[in-house]
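Inspection log for the structure reproduced underneath, given as structure tokens.
The values are calculated or read from the model by the stated rules, or taken from the named source; none is laboratory data. Please read all numbers here as calculations on a predicted model, not as lab measurements. FYI the Cβ positions are ideal-geometry reconstructions off the backbone, even for glycines, and counts take in every protein chain you see.
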Amino acid sequence: MRIIRATNPTEAGRHTATIIASQVTLKPDSVLGLATGSSPIETYKYLVEWYKQGNLDFSQVYTVNLDEYIGLPADHEQSYARFMYNHLFDHINIRPDHVYIPNGLAPENAAEGARYDGIIKDLGGVDLQLLGIGTNGHIGFNEPGEAFITGTHCVDLSEATILANSRFFESADMVPKQAYSVGVQTIMQAKRVVMVATGKNKASAIRDAFCGPVTPKVPASILQLHPDFVLVADEEALSLM
Ligand code: F6R
């Protein structure tokens with residue numbers, strides 16, 4: 001595990017974008033595993049800026065997103081699909097048929113999980129996985145529990161996650177209670193994993209994930225076992241390490 005220390009979220013975003021940009025430059029048909037939420041926003045801003053300057057080409061890139069709320073159509077303003085188009089896909093030259101996100105309206109959990117895992121397998125797996133971390137240590141929507149779940153699955157979101165994500169909705173009641181999430185196998189099989197974490201509210205999750213035992217009670221702790229894991233974090237997120 002390597003740690004890149006940034007002084008603030010903007011710098012963390014620039015470091016993270018640099019890693020993604022090198023990946024795409026060295027392997028133009030890379031499969032990128034992407035995340036939503038506030039953590040990658042700065043990263044996506046840099047990628048869009050460098051694309052607009054002519055320094056990046058996404059025409060051969062494939063993307064597979066980590067998760068999607070169950071019950072929200074892709075065009076809902078709070079869906080993760082909408083987030084990805086707003087922050088990245090609408091501003092770069094990625095082909096729409098190279099973009100994969102779990103279908104939040106899929107009626108049957110097991111079938112959607114198998115479909116999504118099949119897509120990732122057919123693409124040859126993920127080259128570079130971008131992650132944030134939940135305040136409870138979740139990655140994707142792999143919530144704290146008794147066991148690590150391997151494949152794409154339906155998750156009952158924890159109270160902590162619903163509360164954390166209520167900032168994007170009118171109230172906590174409006175936050176969907178379930179989501180589809182890729183499992184830890186997809187994340188751990190990615191050739192490289194990069195996590196971006198900023199702010200004081202991530203400090204205890206970062207400490208528990210990387211200074212404690214590997215346990216499904218802190219899902220991100222499994223990344224201690226990944227052979228090519230980079231944590232890009234600001235001073236505040238690293239303050240308890
Ligand atoms: C989002 C995702 C989540 C977030 C995490 C942190 O696709 O998979 O694991 O990365 O909840 O969210 P933010 O960045 O909003 O603090």
If I filter the stretch 158-171 for residues that are near the ligand (Cβ under 9 Å from one of its atoms), modelled with pLDDT of 95 or more, in contact with a helix residue (DSSP H, G or I) (Cβ under 9 Å, 6 or more places away or on another chain) and of a type outside the set (S, T, N, Q), do I get at least one hit?
no
Residue check for LYS177: more than 20 Å from SER38 (Cβ to Cβ) and either of a type in the set (A, V, I, L, M) or in contact with a strand residue (DSSP E or B) (Cβ under 7 Å, 6 or more places away or on another chain) (or both)
yes
Selection from the stretch 194-217 of residues that are farther than 17 Å from GLY37 by Cα and under 13 Å from the mean Cα position of the chain (by Cα)
none
Only one residue in ILE149, ILE133 is within 11 Å of the ligand (Cβ to nearest atom), assigned to a loop (DSSP other than H, G, I, E, B), farther than 25 Å from LEU56 by Cβ and touching a residue at least 24 places away in the same chain (Cβ under 8 Å). Which one?
ILE133
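Could you say whether any residue in the stretch 80-88 is within 17 Å of the chain's Cα centre (by Cα), of a type in the set (Ser, Thr, Tyr) and within 12 Å of the ligand (Cβ to nearest atom)?
First pass over the stretch 80-88, keeping only residues within 17 Å of the chain's Cα centre (by Cα): 80-88.
Subset that is of a type in the set (Ser, Thr, Tyr): 80, 85.
So of that shortlist, the ones also within 12 Å of the ligand (Cβ to nearest atom) come out as 80.
Yes, the stretch 80-88 has at least one match.
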When the stretch 24-44 is examined, which residues are found to be charged (D, E, K, R) and within 16 Å of the chain's Cα centre (by Cα)?
GLU42
Within the stretch 193-227, count every residue that is buried (at least 19 other Cβ atoms within 10 Å of the Cβ) and of a type in the set (D, E, K, R).
2
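Condition first: surrounded by fewer than 22 Cβ atoms within 10 Å (Cβ to Cβ), in a helix (DSSP H, G or I) and more than 15 Å from the ligand (Cβ to nearest atom). Can you find one or more residues in the stretch 99-107 that meet it? Steps first, answer last, please.
Kept after step one, since they are surrounded by fewer than 22 Cβ atoms within 10 Å (Cβ to Cβ), are these residues of the stretch 99-107: 99-100, 103, 105-107.
Still in the running and in a helix (DSSP H, G or I): none.
No, the stretch 99-107 has no match at all.
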